Ligand SMILES: Cc1cc2nc3c(=O)[nH]c(=O)nc-3n(C[C@H](O)[C@H](O)[C@H](O)COP(=O)(O)OP(=O)(O)OC[C@H]3O[C@@H](n4cnc5c(N)ncnc54)[C@H](O)[C@@H]3O)c2cc1C
């Protein structure tokens, strides 16, 4: 199996000086490298590209894109009062946050929970904008505790999300390499500077 080194000079969170660790000399530079091509990786790639990051690489160890996301039922929780009120559902981010904290016996990180409950609506809106056809019907997802789930209405809506996000990523010139497994993060002074991958 061939070993490749990719180096990242930029991530979503910090601009890093370019640094390359070359073991075999077979190495390529990208501005952003994303490991894993499920919903998290694809949405990060699309968002980064929309925000001006160039030369983005997505890698996945599998031979196909999608990960667990492609198998998912695709229920996405979000408080969207204008849709929920049409069905007589009264909800709020605060109520949702309380439910999450109580369900997790107050072990969840409240900062992360706050980020989730207060950004879910705008995330849903963004997903619609990039082409995901969410229904207006709001329902209670399996294990979801309350009627605040949204989906594209199919049995496996996750596959639809992956297909649309993958198409969008490619239309924004994001590069994709399958059968490529991250084996090491290359660090310098405590900062991740690149990825060593087998592919
Ligand atoms: C049957 C099923 C139904 C579900 N239904 C719902 C639902 O209705 N609503 C909901 O919110 N959630 C649901 N989930 C959970 C949801 O699918 C996951 O939480 C979500 O898909 C996680 O997305 P992700 O992008 O983080 O991970 P994934 O989609 O799993 O993507 C991770 C990717 O990383 C790759 N990878 C891992 N390690 C490496 C490595 N070292 N190098 C390179 N690539 C690597 C994997 O091959 C994979 O493709 C469901 C899950 C399943 C299985």
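The values are calculated or read from the model by the stated rules, or taken from the named source; none is laboratory data. Bear in mind that the values here come from a model prediction, so they are computed numbers and not experimental data. In this analysis, Cβ positions are derived from the backbone assuming ideal geometry, glycine residues included, and neighbour counts consider all displayed protein chains.
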Select, from 81, 93, 110, the only residue that is away from the ligand (no atom under 16 Å from the Cβ) and farther than 20 Å from residue 149 by Cβ. 110
Would you call residue 149 assigned to a strand (DSSP E or B) and modelled with pLDDT of 95 or more? yes
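For the stretch 152-180, which residues satisfy the criterion of being outside any helix (DSSP H, G or I) and either surrounded by 15 or more Cβ atoms within 10 Å (Cβ to Cβ) or in contact with a helix residue (DSSP H, G or I) (Cβ under 8 Å, 6 or more places away or on another chain) (or both)?
Listed by number, the residues that qualify are 152, 154, 156, 172, 173, 174, 175, 176, 177, 180.
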Scanning the stretch 61-78 residue by residue, those within 9 Å of the ligand (Cβ to nearest atom), in a loop (DSSP other than H, G, I, E, B) and in contact with a strand residue (DSSP E or B) (Cβ under 8 Å, 6 or more places away or on another chain) turn out to be 61, 65, 75
